[in-house]
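My questions all concern the structure below.
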Amino acid sequence: MLSVQTLARRIRTRLHDTDSITYDDTEILDCINCGIRFIRRAIADTRPALLMSETNGILEAGTKSITLETRPTKIINVTAGDKIIKTEIYYTGKKIYHNREKIWHNHNPIYNKHVEYTYSEKALHETEMAFIVPRGNEAKGTPREFFLTGSQTINFFPVPVIPTKYTIRAVNDIEELKWEDNSPLNTEFDDCLVEYATIRLSVGNEFDMTQESMMMANILAQIQRLLIPPPAGILTQGYWHSGYRSKAGGYW
């Protein structure tokens, strides 16, 4: 995570423009912001969970939509459920709670009781409003689907009839960096950002774009190699045994 000024200095060094003769600060900053979006798109395509933000809450009965605080670039998944699987009760001020001395003419408890519910949530299927309207968008029940309207509003279908917990995992949009900001990327990706800006500024005016395209593909390949996830684990069933073989050599 480098500062924008550090990134600009490294870019100018590679461009042999340390005296700011060829490129002004605005051009450098614009190219840095374009590079950040380029790298974030590459990450979102390969491992979006690295950029994921989570929003959760409770949908009250009859509430069919929520508006997110930040515009999502990509929705990873949405889960919801109205089945309570665990209830926990907490009391604040335990010393007060166990104090049997009454306050004169005060019949209210002087401690707070807090109840937390854990819900069982299931993944919702993403659809479009055009497919919901013919079925009656006011249908009520446990939400099974969701769809977007506008850039920040998520709608649930059917409309819940009892309080329903929801969780939204998404890659949110980001604001452009200013001169005094820091890069939102890891330092490893900042190196790719410097390469991107150097290539874009140095060969962006060339008529033949083949060389630039090859260089951009090389940067993209570097990013994807950093993001390759580990292979998924596999359980195999033995030919003569109905159990699964573990690494230790036993069966279960």
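The values are calculated or read from the model by the stated rules, or taken from the named source; none is laboratory data. Bear in mind the structure is a predicted one, so any value in this text is a computation, not a measurement. Counting neighbours? That spans all protein chains shown, and the Cβs are built from the backbone with ideal geometry, glycine included. Just so you know, the surface numbers come from the protein's heavy atoms only, side chains and all, with ligands and any DNA or RNA stripped out. Shrake-Rupley method; radii C 1.70, N 1.55, O 1.52, S 1.80 Å.
Taking segment 46-62 as the region of interest, how many residues are within 22 Å of the chain's Cα centre (by Cα) and either open to solvent by less than 60 Å² (accessible area, probe 1.4 Å) or acidic (Asp, Glu) (or both)?
The initial filter retains those residues of segment 46-62 that are within 22 Å of the chain's Cα centre (by Cα), namely 46-59.
With either open to solvent by less than 60 Å² (accessible area, probe 1.4 Å) or acidic (Asp, Glu) (or both) added as a condition, the list becomes 46, 48, 51, 53-55, 57, 59.
Final tally of qualifying residues: 8.
Same structure, new question: Which residue pairs have Cβ atoms closer than 8 Å, lie 6 or more positions apart in sequence or on different chains, and pair a first residue in segment 161-180 that is more than 30 Å from Leu29 (Cα to Cα) with a second residue that is in a loop (DSSP other than H, G, I, E, B) and among the β-branched types (Val, Ile, Thr)?
Thr164/Thr142
Report, ordered by the first and then the second residue, all pairs with beta carbons closer than 6 Å, sequence separation of six or more or different chains, a first member in segment 13-36 that is exposed (fewer than 12 other Cβ atoms within 10 Å of the Cβ), and a second member that is assigned to a helix (DSSP H, G or I).
If the second residue must be assigned to a helix (DSSP H, G or I), the pairs left are Thr18/Arg12.
In addition: Within segment 64-80, can you find the residues that are of a type outside the set (A, V, I, L, M) and either under 11 Å from the mean Cα position of the chain (by Cα) or open to solvent by 50 Å² or more (accessible area, probe 1.4 Å) (or both)? Break it down into steps so the answer makes sense when it comes.
Restricting attention to segment 64-80, the residues satisfying the condition of being of a type outside the set (A, V, I, L, M) are 64-65, 67, 69-74, 77, 79.
Hits for segment 64-80 are Lys64, Thr67, Glu69, Thr70, Arg71, Pro72, Thr73, Lys74, Asn77.
Can I ask one more? Looking only at segment 110-136, filter to residues that are in a loop (DSSP other than H, G, I, E, B) and at pLDDT 85 or above; which one of those is nearest to Ile76 (Cα to Cα)? Full working, then the answer.
Initially, segment 110-136 is screened for residues in a loop (DSSP other than H, G, I, E, B), giving 110-111, 124, 127-128, 136.
Still in the list and also at pLDDT 85 or above: 124, 127-128.
Values: Leu124: 11, Thr127: 14, Glu128: 16 Å.
Selected residue: Leu124.
Follow-up question, since we're still on this one. So Thr142 passes all but one of these: (1) of a type outside the set (A, V, I, L, M, F, W, C); (2) farther than 15 Å from Ile76 by Cα; (3) not in a loop (DSSP other than H, G, I, E, B). Which condition number does it fail?
Status for Thr142: all satisfied but (3).
If you don't mind, there's one more thing I want to ask. In segment 11-32, what residues are part of a loop (DSSP other than H, G, I, E, B) and either at positive phi or under 35 Å from the mean Cα position of the chain (by Cα) (or both)? Full working, then the answer.
Of segment 11-32, the ones part of a loop (DSSP other than H, G, I, E, B) are 16-24.
Hits for segment 11-32 are His16, Ser20, Tyr23, Asp24.
Please tell me if Ile43 is open to solvent by less than 20 Å² (accessible area, probe 1.4 Å), modelled with pLDDT of 90 or more and closer than 19 Å to Pro184 by Cβ.
no
Mind checking which residues of segment 145-160 are assigned to a strand (DSSP E or B) and either open to solvent by 20 Å² or more (accessible area, probe 1.4 Å) or touching a residue at least 40 places away in the same chain (Cβ under 8 Å) (or both)?
Here is the first cut: in segment 145-160, the residues assigned to a strand (DSSP E or B) are 145-149, 153-157, 159.
Selection gives Glu145, Phe146, Leu148, Thr149, Thr153, Ile154, Asn155, Phe156, Phe157, Val159.
State all residues of segment 37-84 that are in a helix (DSSP H, G or I) and among the charged types (D, E, K, R); if no residue qualifies, say none. Before you say what the answer is, go through the steps one by one.
Filtering segment 37-84 down to residues in a helix (DSSP H, G or I) leaves 37-46, 48-51.
Across segment 37-84, the qualifying residues are Arg37, Arg40, Arg41, Asp45.
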